[in-house]
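Working notes for the structure below.
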Amino acid sequence: SSSAHRLLFSSSMAVTLEVTPTRKRRPLVVGHLDSPNISDTKLFRSLFFASQELSHMQPLRFILRRNSQSIIRKVKVLAAVFDELLRSHMVYSQSAQLCFEEMNIVMQRMKTLIEDCTRSSKLWLLLQIENVSFSFHELVTDLSTVLDILPVNDFNLSEDAEDLILLLKKQCSDSIQFVDPRDDDLRRKVTDTIDGIKHQIVPDQSKLIGIFNDLGLLDSASLIEEIQRLEDETHDQIDERSRIAAASLIGLVRYANCVLYGPSTPSPHPDFRRHKSLSETNIPADFRCPITLELMRDPVVVSTGQTYDRESIDLWIKSGHNTCPKTGQVLKHTNLIPNSALKNLIVMWCRDQKIPFEIYGDGGVGSSTPCTEAVEFTRMMVSFLIDKLISVAEPNAVVFELRALAKSDSVARACIAEAGAIPKLVRYLGSDSPSLQINAVTAILNLSILEQNKTRIMETDGALNGVIEVLRSGATWEAKANAAATLFSLASISTYKRRLGRKVRVVSGLVDLAKQGPTSSKRDAFVAILNLAAERENVGRFVEVGVVQAAGDAFRELPEEAVSVVEAIVRKGGLMAVSAAFGLIRQLGEMMREGGDTTKESAAATLVTMCRKGGSELVAEMATIPGIERVIWEMIGTGTARGGRKAASLMRYLRRWAAGDTYETAATETQSIVVPTPSRIFNPVL
């Protein structure tokens with residue numbers, strides 16, 4: 001962030017800045033500056049062009065107009081003087097050069113401040129009006145300090161130019177900090193509106209129109225852009241009070257946009273699908289949870305030093321496991337230590353990728369504490385939308401608005417569900433309109449992210465069956481993929497994981513999507529399958545409908561997800577799962593050679609499990625893979641810690657097989673494994 005941003009946005013709206021009496025500051029020591037050491041001519045030309053650029057900048061239009069206009073007028077006076085000096089071609093003293101360098105820095109700061117104000121949220125600037133006004137005044141004070149020590153008498157200026165300098169000195173010296181009364185009045189209207197919300201006073205629409213017209217936010221598009229800028233401000237804030245202030249403003253703008261301009265009209269290809277944005281982005285491996293392969297939202301470290309998403313590892317531990325999923329080591333304790341450094345990196349990456357990032361919890365965006373005003377604004381907006389949904393003839397725009405609102409934060413998800421929206425959304429899951437169906441199922445997906453909403457959805461009549469039907473016969477691949485993502489979300493609760501896994505339509509629907517869908521849809525299907533396959537009793541059903549073959553066919557397209565599914569199926573399943581995966585042994589060897597680190601680990605772990613459960617016949621098949629020993633040695637030497645251990649196990653299996661040793665399989669039965677021929681399916685002999 002620029003120095004201007006650090007100054008502008010350091011305090012929250014509830015804090016009144018106490019400005020100390022202005023005083024002229026000693027100029028910066030030029031020797032300590034980071035500015036380049038440039039020649040006299042280049043320095044002065046740079047100063048001249050900076051003054052010209054500032055002179056031609058437009059004052060801020062709606063707020064801080066007088067403050068920005070005052071600075072630009074002063075620079076115009078300097079630009080006229082610099083024009084005369086540039087044509088004189090004179091040689092300047094060292095003191096003059098030092099002043100020019102200092103003045104150049106002041107002008108760059110002026111330019112940065114005006115540009116930052118132009119790009120910033122208007123409402124946020126309005127609530128920080130005293131801070132920002134002080135920033136403008138501080139720059140005038142700095143300019144006055146430089147003018148006081150500028151050796152004007154050495155320049156042989158014309159009488160007109162000297163008069164301009166004297167006039168400018170007086171203007172700067174007499175300058176005082178001020179807040180435009182118009183800006184102050186507008187700020188008061190905004191804060192009064194927000195304060196009224198605390199007492200559940202519905203804002204007057206005519207007053208809302210007046211506020212946003214005065215800010216130059218004249219239509220829905222400009223309000224949506226303002227929301228985006230406010231969300232950026234939320235991410236930039238460090239202290240909780242500033243985040244709460246930004247959250248209140250976001251609530252105000254969302255409410256105004258909905259009430260003044262009505263529900264948005266969805267575009268043919270709306271970009272409001274949470275899983276789509278993540279699926280189509282190459283997530284760094286270190287940001288993925290090793291259990292779910294999803295982007296981590298709350299990374300934590302276990303006793304072995306491995307990092308997982310809190311929700312996933314917590315579920316793993318509560319399911320009765322006492323080992324680290326990645327290393328297999330026994331956990332010395334079950335304390336979960338927040339990985340704050342990694343979390344900050346993930347937040348910054350999400351911002352760069354324009355991916356929404358929300359901390360799990362019941363607070364607002366990026367906040368651990370719900371903001372009262374934001375909650376009330378959201379409730380009023382939800383009430384408005386639900387009333388519209390009941391009365392409107394064409395519900396698509398309203399459902400789209402609920403979908404977008406449910407995507408924003410946990411407060412909105414809670415408010416929407418509490419208002420009874422879920423049964424109303426369920427009605428549209430079977431709509432003949434592809435757009436309405438997508439919006440309805442995606443709204444339910446977004447609502448399901450909140451923990452308590454999962455129970456609401458599962459207990460709502462027709463909700464689960466409606467989602468399953470969209471998965472199986474939805475009008476578009478996007479609708480089917482979002483249905484799969486909804487099932488993934490619901491399955492994060494252990495009891496629902498078992499309940500969903502018992503439904504043949506869920507199992508077959510996910511596998512069909514993994515076989516036939518486009519890449520992003522396949523990814524959603526595999527992630528949901530991986531989640532359901534964590535429950536051992538579900539694995540056999542997936543094997544029966546061909547999940548192993550579907551995953552094998554996707555090895556090239558989605559190596560990480562597909563290999564992870566095969567690993568989970570083989571690990572949790574019995575000999576039937578090993579039998580189904582026999583035909584993938586060569587492909588798994590290729591994944592060990594060509595895949596990324598996570599894919600290599602999964603492929604090696606799958607082969608280890610198959611060798612342990614299947615016996616020497618499976619080792620013999622693995623031994624036929626060209627160059628397999630070299631691949632294994634490379635993993636031992638250069639792979640990850642887990643990959644190296646799995647590769648070492650494979651090497652032991654190969655050596656024992658080569659030596660002619662026999663060993664029992666890990667299966668409880670004492671059967672042998674028959675190696676399949678092309679005409680015979682691989683089956684254990686019982």
>> Take the residues in segment 215-242 that are part of a loop (DSSP other than H, G, I, E, B) and at pLDDT below 90; name whichever of them is surrounded by the most Cβ atoms within 10 Å (Cβ to Cβ).
In response: Gln237
>> Can you tell me which residue is surrounded by the fewest Cβ atoms within 10 Å (Cβ to Cβ) among those in segment 564-613 that are of a type in the set (Asp, Glu) and under 20 Å from Ile283 (Cβ atoms)?
In response: Glu594
>> Condition check: of a type outside the set (A, V, I, L, M) and either in a helix (DSSP H, G or I) or modelled with pLDDT of 90 or more (or both). Does Ser679 satisfy that?
In response: no
> What are the residues in segment 196-213 that are open to solvent by less than 10 Å² (accessible area, probe 1.4 Å) and assigned to a loop (DSSP other than H, G, I, E, B), if any?
Replying inline: none
> Quick check, is Ala404 crowded, with 20+ Cβ neighbours inside 10 Å, part of a helix (DSSP H, G or I) and out of contact with any helix residue (DSSP H, G or I) (no Cβ under 8 Å at 6 or more places or on another chain)?
Replying inline: yes
> Between a first residue in segment 587-601 that is under 15 Å from Glu567 (Cα atoms) and a second residue that is open to solvent by 20 Å² or more (accessible area, probe 1.4 Å) and of a type in the set (Asp, Glu), which pairs have beta carbons less than 6 Å apart while being 6 or more apart in sequence or on different chains?
Replying inline: Thr598/Glu560; Thr599/Glu560
>> On the basis of being crowded, with 24+ Cβ neighbours inside 10 Å, part of a helix (DSSP H, G or I) and of a type in the set (Lys, Arg), does Arg456 make the cut?
In response: no
> Considering segment 246-282 alone, what residues qualify as being modelled with pLDDT under 75, in a helix (DSSP H, G or I) and either at positive phi or surrounded by 19 or more Cβ atoms within 10 Å (Cβ to Cβ) (or both)?
Replying inline: Arg274, His275, Lys276, Leu278, Ser279
>> Please go through (1) open to solvent by 50 Å² or more (accessible area, probe 1.4 Å); (2) farther than 17 Å from Pro325 by Cβ; (3) modelled with pLDDT of 85 or more; (4) not in a loop (DSSP other than H, G, I, E, B) for Asp286 and return the number of the only condition it doesn't satisfy.
In response: (2)
> Which residue out of Asn482, Asn446 is touching a residue at least 60 places away in the same chain (Cβ under 8 Å) and over 18 Å from Asp409 (Cβ atoms)?
Replying inline: Asn482
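The values are calculated or read from the model by the stated rules, or taken from the named source; none is laboratory data. Being a predicted model, the structure only gives us computed values, none of them experimental. Here the Cβ is made from the backbone with ideal geometry for all residues, glycine too, and neighbour counts use every protein chain on show. With ligands, DNA and RNA removed, areas are computed over all heavy atoms of the protein, side chains included. Shrake-Rupley method; radii C 1.70, N 1.55, O 1.52, S 1.80 Å.
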